[in-house]
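The values are calculated or read from the model by the stated rules, or taken from the named source; none is laboratory data. A quick note: this is a predicted structure, and the numbers were derived from the prediction, not measured. Glycine gets a Cβ as well: all are built from the backbone with ideal geometry, and neighbour counts include every protein chain shown. Heads up: the accessible areas ignore ligands, DNA and RNA and are worked out on the full protein's heavy atoms, side chains in. Shrake-Rupley method; radii C 1.70, N 1.55, O 1.52, S 1.80 Å.
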Amino acid sequence: MEYRCVQCGFQVKTLFVQYSPGNIRLMKCEKCKAVADEYIECELMIVLIDLILHKPKAYRHLLYNVLNQQSTHFQGLLWKLLFGFLVLDAYRSLLVRHDEEWGMSMSISSYFWIYRKILVDVFLGNFMFLCCFLLAIRKLLKTSAQFFRLGKLWLAVLISSYFKILLVAMMVWEFPPSVIYIIDLLVLSSNTVALKVITESDMNPCVGACFIAHAVKFCTTQAF
Ligand SMILES: [Zn+2]
């Protein structure tokens, strides 16, 4: 298992030693001498708040120490996250198209037209996102996706898109359409922190790579 110090990202053998049930000692990082992962003793709510605050150490805890690629459930988790991601993307597209076009006519053909557009938004939009994201990583981060495991990269992107869950709130409460774009910006910034953590790169190239990929996805959905 590949664990990381949440402070500096240095690889550590183990995060804690358990002497008896409920009696553990947190291990220290050999590089920065800080406790390798203090989130082990924290409530889930603290981790969630730090994720929302975009703290890289919370992302390291989640991506390296909680969700490990060696886990037997990794592939299953990846597919479930992908399914949830696409469903939320489809719902986002439905909300945008609803505001733009559903008010005009409600005939059967217009329903088919809308659903066709949603499918194009989800599949073509994400295909373009995928291609531009990998290309931007190669150019801006001066590395290829093969450098680190692709599965880990997609896990980071899918997990860090958790702000899309806020779209569910729009089923219950009415928000102005601009909220959709605010959620998009939160997803973009969260993806950037996750990419920085997973590639151990500087912040600026990660901002560039995520911005390019999201901008191309946005333009693709607008163009079609
Ligand atoms: Zn450290």
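Taking the conditions exactly as written (within 19 Å of the chain's Cα centre (by Cα), part of a helix (DSSP H, G or I) and modelled with pLDDT of 90 or more), does residue 76 satisfy them or not?
Taking the combined requirement at face value, the residue does not satisfy it.
Among helices (runs of 4 or more DSSP H) lying entirely in the stretch 136-224, which contain 3 or more residues that are within 22 Å of residue 9 (Cα to Cα) and among the polar types (S, T, N, Q)?
178-199
Inside the stretch 60-83, can you point out the residues that are among the aromatic types (Phe, Trp, Tyr) and farther than 17 Å from residue 165 by Cβ?
The answer is 64, 74, 79.
Within the stretch 41-65, track down each residue that is under 15 Å from the mean Cα position of the chain (by Cα) and of a type in the set (Val, Ile, Thr).
The answer is 52, and nothing else.
Listed residues 140, 167, 186; which is open to solvent by 40 Å² or more (accessible area, probe 1.4 Å) and closer than 17 Å to residue 96 by Cβ?
None of the others qualify; the one that does is 186.
Could you go through the stretch 100-115 and let me know if any residue there is open to solvent by less than 30 Å² (accessible area, probe 1.4 Å) and modelled with pLDDT under 90.
yes
Considering only the stretch 111-129, state which residues are of a type in the set (A, V, I, L, M), within 20 Å of residue 187 (Cα to Cα) and free of Cβ contacts under 8 Å to residues at least 60 places away in the same chain.
Hits for the stretch 111-129 are 118, 122.
When only residues in the stretch 23-37 that are open to solvent by less than 100 Å² (accessible area, probe 1.4 Å) and touching a strand residue (DSSP E or B) at 6+ places or on another chain (Cβ under 8 Å) count, which is farthest from residue 187 (Cα to Cα)?
24
Looking at (1) under 30 Å from residue 115 (Cα atoms); (2) open to solvent by less than 70 Å² (accessible area, probe 1.4 Å); (3) of a type in the set (A, V, I, L, M, F, W, C), find the lone condition where residue 40 falls short.
The one condition residue 40 does not meet is (1).
Of everything in the stretch 1-50, what is within 9 Å of the ligand (Cβ to nearest atom) and of a type in the set (Gly, Ala, Ser)? Give them in sequence order.
9, 34, 36
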